[in-house]
1. For the range 210-229, enumerate the residues that are within 15 Å of ALA267 (Cβ to Cβ), touching a Pro at 6+ places or on another chain (Cβ under 8 Å) and of a type in the set (A, V, I, L, M).
2. Taking strands (runs of 3 or more DSSP E) that fall entirely within the range 170-277, which contain at least 3 residues that are touching a strand residue (DSSP E or B) at 6+ places or on another chain (Cβ under 8 Å) and not hydrophobic (A, V, I, L, M, F, W, C)?
3. Please list, ordered by first then second residue, the pairs with beta carbon atoms under 8 Å, 6 or more apart or interchain, first in the range 206-233 and under 29 Å from ALA138 (Cβ atoms), second aromatic (Phe, Trp, Tyr) and not in a strand (DSSP E or B).
4. For the range 10-19, what are the residues that are more than 19 Å from the chain's Cα centre (by Cα) and closer than 18 Å to LEU82 by Cα?
5. Which one of LEU207, LEU252, LEU265, LEU214 is surrounded by 14 or more Cβ atoms within 10 Å (Cβ to Cβ) and touching an Asp or Glu at 6+ places or on another chain (Cβ under 9 Å)?
6. Taking the condition within 27 Å of VAL231 (Cα to Cα), modelled with pLDDT of 95 or more and charged (D, E, K, R), does ARG170 pass?
7. Of PHE93, PHE133, which residue is in contact with a strand residue (DSSP E or B) (Cβ under 8 Å, 6 or more places away or on another chain) and aromatic (Phe, Trp, Tyr)?
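The values are calculated or read from the model by the stated rules, or taken from the named source; none is laboratory data. Quick caveat: nothing in here was measured; it's all calculated off a predicted structure. With ideal geometry, Cβ positions are generated from the backbone for all residues, glycine too; neighbour counts draw on all protein chains shown.
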Amino acid sequence: MRGCVDTDWGQIHYRAGGAPISEARRVVALFHESPRTSAVYQPVLESFPDDIAVIAFDTPGFGQSDDAPEGRPLSDYATVLLQALDALGIDEFLPVGMKTGSALVTAMAVEAGTTRIPGAVLYAQEEPDDDAFEHWAANWAPPVEFPADGSTLTRLYAKNVGLYGIDNPRVLYEAVADTIANADRYASVYPAVFRGHRQTWDDMHALVSAGVHLTILEPPVARFTETDPIVFGVVPGTRVVRMPSTGQFPALAADEFVAAVVSALDATTEKGRLAGPA
């Protein structure tokens, strides 16, 4: 099932699988990396236990969701995404975020509080480096050009090899296609994510201290460029799950991804939360 809900920033598009929200005992909300869309979660939407409702959102500025206003911080994204969940009648839920989606989920968890979000699943994070992240805020997503020689396609493909490896080239082509299809707005969220990285890192520590159960999905390797490896840090008190692929877990490591999310959901349910009426 697919649909849209209204927020302060216009419509947010979503895909739904699993149990109907009104009948579900537990809810998982999935947030994609940029410049992808909720379609990356299509392979796993129907792979969760029958009592779980699964909702995958197009974040503002991506897929079929309306644009985000320019220059807004992560906290504003969090407010709008929580409005989308409100519109669907979802109270307590487990958010799952990949890459830029992780930053959005962390901001949502801070705003919503531990009663509504007692746990979250995030992609592994680097420790803060203000100079490096300011560089990426300005340079990670330059304007897409369309030269007649097709060189932009080759450049984007090579860029995604560092993020996803080459085990499944189709995933790389799909990432390139999403960038090209969204060329005028694909860079919209990156400045907020990179410039907010130190806050995201601090917020993860604060969430753990508040009792939020954080599961971190860590790939074996990843890099920004051939000469810029990504070195992941560890926030004490988080549960780190080693994944077999460099990214795109729903497509490249579906079983491991679903198992990690269900385990995180079970851990929060055992605390007496995220469990609806039997």
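1. VAL212
2. 213-218
3. Pairs found: LEU217/PHE249; LEU217/PHE257; PHE224/TRP136; PHE224/TRP140; GLY233/TRP201.
4. Within the range 10-19, GLY10 is the sole residue that qualifies.
5. From the options LEU207, LEU252, LEU265, LEU214, the qualifying one is LEU252.
6. No: the conditions fail for ARG170.
7. Going through PHE93, PHE133 in turn, just one is in contact with a strand residue (DSSP E or B) (Cβ under 8 Å, 6 or more places away or on another chain) and aromatic (Phe, Trp, Tyr): PHE93.
The rows are residues; the columns are (1) small (Gly, Ala, Ser); (2) at pLDDT below 95; (3) in a helix (DSSP H, G or I); (4) surrounded by 16 or more Cβ atoms within 10 Å (Cβ to Cβ).
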site: THR79; (1), (2), (3), (4): no, no, yes, yes
site: GLY89; (1), (2), (3), (4): yes, no, no, no
site: GLU92; (1), (2), (3), (4): no, no, no, yes
site: VAL96; (1), (2), (3), (4): no, no, no, yes
site: ALA103; (1), (2), (3), (4): yes, no, yes, yes
site: ARG116; (1), (2), (3), (4): no, no, no, yes
site: ALA120; (1), (2), (3), (4): yes, no, no, yes
site: ALA132; (1), (2), (3), (4): yes, yes, yes, no
